[in-house]
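Encoded as structure tokens, the structure appears first; notes follow it.
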Amino acid sequence: MDQFWGHAVFLHWRIPSPAAARFMPAGTVPDEHDGDSWVGLIGFRMRGAGFGHGVPVPYFGTFTEVNVRLYSRDRNGVRGVVFLTLDASRLAVVLGARAAGIPYVWSRCRAWHGPDGTGYSVDRFRGASSSFSVLPTGSVAADPLSVHLTARFGLHSRFAGRTLYIPNTHTPWPLRSAVLQHWDDSLVQAAGLAVEGPPESVLYSPGVQTQFGMPRRLEG
């Protein structure tokens, strides 16, 4: 499946690895940086999603997504993402993804982007909400932490009692440092993790074109 992830905002907090380990699929462990795990709150605009290299799916292939995610590593050293929740406003997309074991949540999602900043908001039909925005700076973010949090080329997921790895191909994110304008979130807490204060890492990217490959089972 081809898709473009545009106007991405990355907010990250440092968390203890034992807190992240509770969510790791069998055969994976938290992928640490600087001795700790990290939880991310990520917003972006999905654009032009379609199967293979074919024509993007009209309407359903473009929507706003906000996800809460952790970072994983399997016994072969393959690094990935573990999604705790993914909020989107396209019900058909949510139902299809949940059938495949991906924890999507149907929510009211909104995005905005302009010279005054880029932001996202989520209002779940039951419970949690989120709103955050950033103002990108001109400085390139290529430090080890930024690369660790964004250079992820696949995800680990549970499905039918098995751990799957789903590869994702894209060029490196063109990252910029960003200033946090506002942040009011309960999605991370609703996912089962506690964070205190503003995020330690704040990043923005105009986006990348991506393609998912076929899932493969993590053996053993």
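The values are calculated or read from the model by the stated rules, or taken from the named source; none is laboratory data. Owing to the predicted nature of the structure, the values given are computational and were not obtained by experimental measurement. Cβ atoms come from the backbone with ideal geometry, glycine included; neighbour counts cover every protein chain shown. To get the accessible areas, we keep the full protein, side chains included, count just its heavy atoms, and leave off ligands, DNA and RNA. Shrake-Rupley method; radii C 1.70, N 1.55, O 1.52, S 1.80 Å.
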- [ ] Would you mention how many residues in the range 86-120 are within 29 Å of residue 30 (Cβ to Cβ) and either open to solvent by 20 Å² or more (accessible area, probe 1.4 Å) or among the hydrophobic types (A, V, I, L, M, F, W, C) (or both)?
- [x] 16
Open item on the list: Tell me whether the range 178-187 contains one or more residues that are open to solvent by 70 Å² or more (accessible area, probe 1.4 Å), touching a Leu at 6+ places or on another chain (Cβ under 6 Å) and outside any loop (DSSP other than H, G, I, E, B).
Closed with: yes
Task: Filtered residue count, the range 172-194, keeping only those that are closer than 17 Å to residue 149 by Cα, modelled with pLDDT of 95 or more and in contact with a helix residue (DSSP H, G or I) (Cβ under 9 Å, 6 or more places away or on another chain) - done: 2
- [ ] Determine the pairs where a residue that is among the charged types (D, E, K, R), located within the range 81-103, has a partner that is modelled with pLDDT of 90 or more with Cβ atoms under 6 Å apart, the partner being 6 or more residues away or on another chain.
- [x] 87/66; 87/105; 87/107; 87/109; 87/122; 98/104
TODO: May I ask you to list pairs of residues, at least six apart or on different chains, whose Cβ atoms are under 6 Å apart, with the first in the range 5-19 being over 13 Å from residue 194 (Cβ atoms) and the second being open to solvent by 10 Å² or more (accessible area, probe 1.4 Å) and assigned to a loop (DSSP other than H, G, I, E, B)?
DONE: 11/199; 12/199; 17/32
- [ ] Go through the range 120-168 residue by residue and tally those that are touching a His at 6+ places or on another chain (Cβ under 8 Å) and under 19 Å from residue 87 (Cβ atoms).
- [x] 3
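If you take the residues of the range 132-155 that are part of a strand (DSSP E or B) and touching a Lys or Arg at 6+ places or on another chain (Cβ under 9 Å), which of them is surrounded by the fewest Cβ atoms within 10 Å (Cβ to Cβ)? Before the answer, list the steps.
Here is the first cut: in the range 132-155, the residues part of a strand (DSSP E or B) are 132-140, 154-155.
After this cut, where a residue has to be touching a Lys or Arg at 6+ places or on another chain (Cβ under 9 Å) as well, the list is 136-140, 154-155.
Working: 136: 20, 137: 13, 138: 6, 139: 10, 140: 11, 154: 21, 155: 20.
The residue in question is 138.
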